[in-house]
Structures are given as structure tokens and as C-alpha cells.
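Here's the structure we're looking at; comments come further down.
The values are calculated or read from the model by the stated rules, or taken from the named source; none is laboratory data. Predicted model, so just to flag it, every value in this text is computed and none were measured. For neighbour counting, all protein chains shown are included, and Cβ atoms are generated from backbone atoms with ideal geometry for every residue, glycine included. Each accessible area value is taken on the protein alone, full model and side chains, heavy atoms only, with ligands, DNA and RNA left out. Shrake-Rupley method; radii C 1.70, N 1.55, O 1.52, S 1.80 Å.
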Amino acid sequence: MDAGSATYLEENIGGVLAKALAEMAVVQPKDGVDFLAKWLKSYSEQEEAKIIRDEEEKALADERALTRTKLEEKEKVRQQKLSEQQSLESMYNGILDKFSSSETSFEETFWKELVDVAQSASGASAVYLGVVEQGEEGMDPPGKYISYEVASKGSEWMTEKMLIEGTGVTWGAVTENPPEENFQEMCLWKPPSVEPAPVEPVDGEEPPPEKPANPYYPVKVDCVTDVPAMHYFEMTRLGGYLAIPLMYQSYYTGEAYAEAKTYEEEKKAEAKRRADEEAARLAAIEAGETPEGEAPPEPAEPPEEKPLVMTGKEIKMVLCLDTLGSNTFFSESKVMQVLELVKACGQCKSQTEFKQVDAQVLQVIDEDAKVAVEEQIVNAVTAIDEKMTETIEKEEADCPDEKKDVLQKKFAFLKAVEAAKELTNVIESMKTWVWVTPEVLSVFAAACFIAGFSKEDVYPRRKTVLAWEKLKMIAEKPMELLTKLEKVEFEGPKKGLKPEHKLAFITPMSAPAEMDEEKAKEISPGFMLIFRVIQAALAYRNADLEMRKAEWTKQMAEKEAAGEEYAGPAIPALEELDDDFA
């Protein structure tokens, strides 16, 4: 036997045969061959059983590990869902608490927060917030429409859309006191309510007043394809639709401002009267004017303070949600959550406006602060005059007579701009204002047009009426306007001007209703600074126009005097030289 064969036998059966022969030597059977055969058979069966047992145990261990992994994954998903639910509840309760707090001051970013949280809380595919607007004559559309102002991520294109009155089912949500028999036709949904037990009136007393009915109801559609009246801004998909009315009282009106001003002025006058009476009472006591034996008079009890009441204007908005593309609908519990959120948001907005109007009035009637600011303006103007005197005198000495008026108007403009830049904090005091008169709006718009802003920059979307929300940018960032005005070329010809940039358009806007510097100062020292800049800018431009018109008139006179012998260059018509001559 060769070495290879010996190695093979040793590795494959050597060990087993050694065990078999060792046991055989102990037992010493009569038939050694039979014993060896049976031993090897028994050994083989035991080894096979062990392999099967090991495989079964491994399979069982693998199955247990797989089951444990699945349970762990399931628990992980459950924990993730629970965490998401808790996060969602925390987000919802957080914004609800914020809206419900009397300390919260509403900000424009809250509209987007409302949209985002409503989407998360309801599981909507898209959410968009619209406001009911009244179209203007000559504009498209002329009647009422819903303008979508804020939309959830992925649906921003909705902010370019509008819904004409009478189109679709959304208008049902902003219809006041709809007849109950029309609820089904209008797809209106009445929220469930728990009615309190009726209170029996006591004998001789009037019964308690009935609880007023909710004047607005949400529109709820479980499957949009079941409602033929549905309006689609793009291709329809299966899903549900919800329109929640958001109504609030706005106090950004002249009527509310006047009521607040009257209230605060009367309150201020009453406080002064009481202070004067108290001072007189103390003076009388000190002078010994109290009759002998009588106690000094006690101070008068303060009268009960009446609450401030302002007349609000109802603003109609609607929060729209859809599940298009998911073939799902909004459960009643989700609708109630969104309803509660929307109601709190509207109340927060209304309360904030009420406080803001009153705060503006208190700022305006603060005479001590106004006197201090006016003194600050006088000091700043005096300092600027002294600083620029030498430069002005030098340039005037070298300036031809026909251009001296232009030069004087130029420096008057530069002084006005420099004073406004020096006192931007005074202008910025108006950034907290929430309502101004049409005259203030007109002057601010004129300032924007002189600086080169377009109508789209100045007027609200789809509107021809000015709004403070759009023009407040001047009070918020006055330096941007003043920097633009400094860069404007007021001298020389201007061609290709837009209609709103022409002097004929701007001049009436710059001084509406006989507005002058004294009236501007009464409104606000900050407004007076802007008004002064605008008037100086227009005076500068007009002086240049007058000078160039005089030159043109002189040239025309020379041409007429020369008659046919005139050999000079052609003189164009005045309106061809400059758009501001037209």
C-alpha cells in the first residue's frame, strides 16, 4: 500500500475503525466480523441522526431569529408611528396654544403655519388658503372672487389661481346662514354638537336667550367625482375635499381707528382732569383752606373705566384641503381638529389687529414724544445746513445765472435726503402702524414711483387701490428708498418712461388733498420727512424742466427772428425732447 492510500484510509475511516476495534477488544465477541458490521451500522445511524438534529436545531434557531427580527422591526415601526403621532400632536397643540394665547401677536407667517399644520393633522395631499376679494370695475374679474394666497409645499401654483363667485362648491363655506334644506346641494357639513339640557325659566323671569346658530359651515365632499359641481384647476383624481370657513373681524379701518382715537383722547383728558383736581385738593390742604374741625376732603373715587369698543369689518377666508390622488376622505375627527385650529387662528388675528390699532393711536397722541422728535429733526437739519454751506456757496459762485435755480433745488433735495437718512429711526417708527389715510398712501406711492418702482411693486395684486400692507416697506426699510432716490437723475431729458414714472402722474399723488409740510407733520414727523424729500425731488425736476424749456423757447425765438435765413440745426417739438414735457 502506498503512502497516499494509507493517508486516505487514515483520514476517512482510521478514527472510526480505531473506536470500533477498541470496543471490540473490550467485548471480544465470538463473531468479530458481525460485531464490527453492526457497530459500524449503529455508528452511521447515530451520526445521521445527529446531523438531522443539528439541522433541525439550526432551522429552529434561524426561525426564532427571523421571528425576533420581524418583531423588532414591527416594534420599531410602531415606535416610529407613535413618535410621529406624538410629534404631530405636539405640533398641533403647540400652534393651537399659540393661537389661543392672549399674549400672542399675530404675524403674517402664521398663515403658512396654519396651512402646514392643517395638512399634517388631516393627512391632506394639498392645502391652500383663500380670501374673498371684491373685484374692481374695469378689472378682471369685476365681481367677487376667491384669491388663493398661501399653499402647502408642492401646490404653490395655486397662489396664481382665483375662483370666480358661483364656480364650484367652495363658495358654500363663505355663504352666511345658508338654508338647511340646501345643505345637501351645497355639500355643507354640520359639525356635531352636544346640546345642553334646556333650562326651565324661573317663574316671573324671561327664558334665557337661544344660542345663536353658526352662520358658516364647512364644505365636505368624500369623493369629488360624485359631485358634478366640483371645479378643478387641473386634472381630477380620486379623493376627498374640504373647505373650512375662516372668518374674523378686522380693525384695519378708518372707522375703527377714529373710535380708538376718540376713546384714548377722552381717557387722556379724563386722567388730566383728575390729576388737576387732585393737585388742587392737595394745594388747598397745604394752604390750610380746610375749615377748622373738618377732615380734609378725600380724593375722588376713580370712575369705572369703560372698555374700548371698535367696529370691526368681517373678512372672509377659506382653508381648502384635498386628498386627490389618494382615494381617501377626511374623517369627522380630522375635520373637527382643523375647525378648532381655524377658529383659534381667526380669533388670534382679530385680537392682534384690535391691539395694534390701539397701540398706533397711543403713539400718535403722545405729544411729549412728538415734541422730542421734532426737536431732534430741527437739530439734524441745522447740522446738515452748516455742513453743506461751504459746498453750496462754492458751486453757486461758479454756476451760470440761468442754472442757479436748478442748483438751489438740487441742494434742497440733497439736504432733505440727508436729513431723512440721518433720522431713519423716526421714519421707522411708522412700521408698527397698521392703518393710514389715503393721503399717506398716495404720498408713499409717489415716493416709490420717483425711485423707479413699477405699479406691480406698489399696488396689491389685481387691485388699483393702494394698500398699507404693500407700501409699509418704506417705513420698514427707509434707507433702501432713500438710496434709490439719491441715484435718480433729475436733470436732463428722459425718454421711454412708463406712465407711472412721468411727472404728470406723480405730481397729483405727491400732495393730495392740499397736503403740505405742516399737515404732514401733524400726521407724523416720520411722514413729514418723506413728504419733504418728495416735494424737494419734484421741485428739483421741475426746475430743470423750466430751465430747458426756457432754452428751447429762446432757440425758437431766434429761429423765428431769422426767418428763412435760419441756418441752425432743426429744433424738435418740446414734447419730443422729454416725456415730462408731454
Ranking Ser155, Ser120 from most to least accessible area with a 1.4 Å probe gives Ser120, Ser155
Where does helix 109-122 land angle-wise versus the long Cα axis of the chain, in degrees 0 to 90, nearest 10? 30 degrees
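Report the rotationally averaged projected area of the chain based on its alpha-carbon convex hull, in square nanometres. Show your work: numbers first, answer last.
Details: hull surface 302.5 nm².
If I average the Cα hull's projected area over directions, I get 75.6 nm².
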With everything on Cα atoms, drop me the angle between helix 32-100 and the longest principal axis of the chain, reported from 0 to 90° to the nearest 10. 20 degrees
Once the other residues with Cβ under 15 Å from the Cβ of Met24 are scored (Lys, Arg +1; Asp, Glu -1), what is the net sum? +1
I'd like the accessible area for Lys431, computed on protein heavy atoms only with a 1.4 Å probe and all protein chains in place. Round to 10 Å², please. 100 Å²
Which value, in debye to the nearest 20, gives the size of the charge dipole of region 133-180 about its Cα centre, when Lys and Arg are +1 and Asp and Glu are -1 at the Cβ? 240 debye
Below 8 Å, C-alpha to C-alpha, sequence gap of six or more: please give me the relative contact order for the chain in percent. 13 percent
Part-to-part distance (alpha-carbon centres) for region 447-524 and region 263-286, which is given in Å: 45 Å
How large is the accessible surface of Glu386 in square angstrom, using a 1.4 angstrom probe and rounding to the nearest 10? 130 Å²
Skip the ligands, DNA and RNA, and give the accessible area per residue of region 384-454 with a 1.4 Å probe, whole Å². 47 Å²
Treating only the Cβ atoms of Lys and Arg (+1) and Asp and Glu (-1) as charged, compute the dipole magnitude of the chain about its Cα centre; round to the nearest 20 debye. 2120 debye
Carbon/sulfur accessible area of the chain, % of total, 1.4 Å probe, equals 53 percent
Is there a quick way to get the dipole size of region 1-139? I mean about its Cα centre, with the Cβ of Lys and Arg at +1 and of Asp and Glu at -1; what is the value in debye to the nearest 20? 900 debye
Please name which of Thr159, Val440, Met528 has its Cα lying farthest along the dipole of the chain towards the positive end, using unit charges on Cβ (Lys, Arg +1; Asp, Glu -1) and the Cα centre as origin. Thr159
At 1.4 Å probe size, put Thr483, Thr432 in order of accessible surface, largest to smallest. Thr432, Thr483
With the dipole of the chain worked out from charges on the C-beta (+1 for Lys and Arg, -1 for Asp and Glu) around the Cα centre, which of Gln408, Thr109, Gly239 lies farthest toward the positive end? Gly239
Calculate, for region 17-121, the solvent-accessible area per residue in square angstrom, rolling a 1.4 angstrom probe over the heavy atoms of the protein chains. 76 Å²
Excluding same-chain residues fewer than 8 positions from Lys394, which lysines have a Cα within less than 28 Å of its Cα? Lys403, Lys404, Lys409, Lys410, Lys415, Lys421, Lys484, Lys487, Lys549
Taking the Cα centroid of region 4-21 and of region 239-260, what is the distance between the two, rounded to the nearest whole Å? 99 Å
